[in-house]
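Peer 1: Before anything else, here's the structure in question.
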Amino acid sequence: MPRDARAQDVAASRCETGILKPTNRDASRHTAHRPRAAFASPAAVMATTTTTTTTTTRIDRVAASSSRAASRRRSSTSTPKSATARSRTTVRRATTSDDDVADDASTSERARVERWRARARTMRAKILKGYLARLGARSDDCLEKDELVDRLAETWMTKCENFAITVPLRQLGNIGGNPRSGYALVTLDVGGDIGLCDFVIDTGATTALITPKALDMLDKDQVKEGAAVRGLTGTGETLRQKVSISEVRLGSKEFVLDAVVTDLTAVGLPATIGGLLGLDWLGNFEVEFDFEQSVITFWPPGSVKNGAVAVEDLVRVRLNQHPVGLKTVRCSLNGAELDAIVDMGSFFSVVNWMASTTAGIGPDSDKVKRGGLQVTGVDGKSMAMAMAPYDLRVLGDGEEDLTSTYQGMCCIGDLPAFAALGASVSPFMALGLDVIGRGRMVFNAKDNAMYLSKGDVTYGV
């Protein structure tokens, strides 16, 4: 590549910290607290939740109409006296079945409406009017709070929930001492010979990655090749091919996936994993991860500000923009503040030695544990890591912070990625799934906000 072109590529390149995993933990990979197999087949069907728009009034009308129709059916299906008992029984059963179906649909829809009403009832009238205004709905004709509640519940359903995509949240992998860690997976329909394929969600990557194997199984007319770009992994730099893939689907949503071709076998991911999804792709949604209920919801932009996504019980954390495009947050390590990359592509949080020393734990500290633990980046390079206990706090916008007390689970190492990010002579860290991958988390890349579950958690060695 000519030098001037190469320099341009470097300047415009994407960057990812890379998936980091302990190489000595390969045997421990399994689906975290799930009864299903660890490595899901790409042919597994993704259950996508879709909803329909129905106001309370329309629901009542439908239910009443169904009841009247059922009554007419019962009158019109009366059999003559000459009919056999079996014939009369058959007609009666069919009618009852139709009624049951209509009743079940009506009950389900009423329950959905009531869930939204219940959320709206907890809010003051002023807040209800504010959300309605943001959603472009009227409130001046609502004279009572109950009317505001009904209006907002309907608007949330029609403008937010009906455009949300809810799928099962599966997690791949585990590490001893932290039973909730594990890469978050989402299934995409990429077409071609591969069809449904699992991708790892990685907030520590600015762009998506796709494996050569997955790329070879796509239809040729789906793929448009771009220029080679230089990217940054957790353990170094690499030059790779960029492609644009059309006709990719998540549920009913179709989009073009811009990705960089990268072999992920070095980090031990199974062949069924098609790649990973970074910040570019996540920016299309406001993503709600429910690690307790094993559900992930991709909400349309604005759902948090419009009140559709409940974040009142979570700690709001400001996301800052690093010059390379990654998202960082402010953390406190034993009281010493520093910046941290938000990295769902890492099982564990990693601090550099300067950060550890600033926090009172230097290389010669008796708290440092060495040996046995190595991390591997997507380039296949490995690096030995140490471990030590810290009081780690993710600093929120308000008075409340997320506190996690670690017992040997925070790793220490001067990753090459830290130096490439300009942190070779300053305290720096990567905030991994051991912190952000628990409870419920909402990630809003576009509005630079992340919401984390509250509380103190201690992980043992």
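The values are calculated or read from the model by the stated rules, or taken from the named source; none is laboratory data. Everything numeric in this text was worked out from a predicted model, so none of it was measured. FYI the Cβ positions are ideal-geometry reconstructions off the backbone, even for glycines, and counts take in every protein chain you see.
Peer 1: State yes or no: is ALA340 out of contact with any helix residue (DSSP H, G or I) (no Cβ under 6 Å at 6 or more places or on another chain) and surrounded by 23 or more Cβ atoms within 10 Å (Cβ to Cβ)? Working first, answer last.
Peer 2: Working: out of contact with any helix residue (DSSP H, G or I) (no Cβ under 6 Å at 6 or more places or on another chain): yes; surrounded by 23 or more Cβ atoms within 10 Å (Cβ to Cβ): yes.
The answer is yes for ALA340.
Peer 1: Check ASP290, ASP263 and return the single one that is at pLDDT below 90, among the charged types (D, E, K, R) and under 29 Å from ALA430 (Cα atoms).
Peer 2: Numbers: ASP290 fails: at pLDDT below 90.
Being at pLDDT below 90, among the charged types (D, E, K, R) and under 29 Å from ALA430 (Cα atoms) holds for just one of ASP290, ASP263, which is ASP263.
Peer 1: Condition first: in contact with a strand residue (DSSP E or B) (Cβ under 7 Å, 6 or more places away or on another chain), modelled with pLDDT under 95 and not hydrophobic (A, V, I, L, M, F, W, C). Now tell me which residues in region 293-310 satisfy that.
Peer 2: SER294
Peer 1: Name the residues in region 158-199 that are at pLDDT 80 or above and among the polar types (S, T, N, Q), would you? So that I can check it myself, show each step before the final result.
Peer 2: Applying the first criterion (at pLDDT 80 or above) to region 158-199 yields 158-172, 183-199.
Passing the criteria: THR158, ASN162, THR166, GLN171, THR187.
Peer 1: Same structure, new question: Yes or no: LEU128 farther than 30 Å from VAL243 by Cα, touching a Cys at 6+ places or on another chain (Cβ under 8 Å), at pLDDT 95 or above and not assigned by TED's automatic domain parsing to the domain that holds SER404? Walk me through how you get there before you give the answer.
Peer 2: Numbers: farther than 30 Å from VAL243 by Cα: yes; touching a Cys at 6+ places or on another chain (Cβ under 8 Å): no; at pLDDT 95 or above: yes; not assigned by TED's automatic domain parsing to the domain that holds SER404: yes.
No; evaluated as a whole, the condition is false for this residue.
Peer 1: Identify the residue in region 366-382 that is assigned to a strand (DSSP E or B) and more than 24 Å from LEU279 (Cβ to Cβ) and, among all such residues, is modelled with the lowest pLDDT. Even if it seems obvious, please write down each step before you answer.
Peer 2: From region 366-382, those assigned to a strand (DSSP E or B) are 369, 374-376, 382; that's our starting set.
Then keep just the ones that are more than 24 Å from LEU279 (Cβ to Cβ); that gives 369, 374, 382.
Numbers: LYS369: 87, GLN374: 71, SER382: 76.
If we take residues in region 366-382 being assigned to a strand (DSSP E or B) and more than 24 Å from LEU279 (Cβ to Cβ), then GLN374 is modelled with the lowest pLDDT.
Peer 1: Among the residues of region 357-374, are any within 21 Å of ASP401 (Cα to Cα) and crowded, with 17+ Cβ neighbours inside 10 Å?
Peer 2: Yes, some residue in region 357-374 is within 21 Å of ASP401 (Cα to Cα) and crowded, with 17+ Cβ neighbours inside 10 Å.
Peer 1: Mind listing whichever residues of region 263-288 are within 17 Å of the chain's Cα centre (by Cα), of a type in the set (A, V, I, L, M, F, W, C) and not in a strand (DSSP E or B)? Explain how you work it out, then say what you get.
Peer 2: Just the residues of region 263-288 that are within 17 Å of the chain's Cα centre (by Cα), to begin with: 273-288.
After this cut, where a residue has to be of a type in the set (A, V, I, L, M, F, W, C) as well, the list is 273, 276-277, 279, 281-282, 285, 287.
Matches in region 263-288: LEU279, TRP281, LEU282, PHE285.
Peer 1: Counting only residues that are crowded, with 18+ Cβ neighbours inside 10 Å and under 9 Å from the mean Cα position of the chain (by Cα), how many does region 289-305 have?
Peer 2: The total comes to 4.
Peer 1: While we're here: How about region 403-461: which of its residues are among the polar types (S, T, N, Q) and either modelled with pLDDT under 85 or in a helix (DSSP H, G or I) (or both)?
Peer 2: Pass one, region 403-461, residues among the polar types (S, T, N, Q): 403-405, 407, 424, 426, 444, 448, 453, 458.
Those that are among the polar types (S, T, N, Q) and either modelled with pLDDT under 85 or in a helix (DSSP H, G or I) (or both): THR403, SER404, THR405, GLN407, SER424, THR458.
Peer 1: Here is a further query. Looking only at region 123-138, which residues are more than 31 Å from the chain's Cα centre (by Cα) and within 20 Å of VAL304 (Cβ to Cβ)?
Peer 2: At the first step, the residues of region 123-138 found to be more than 31 Å from the chain's Cα centre (by Cα) are 125-126, 138.
Correct list: LYS126 only.
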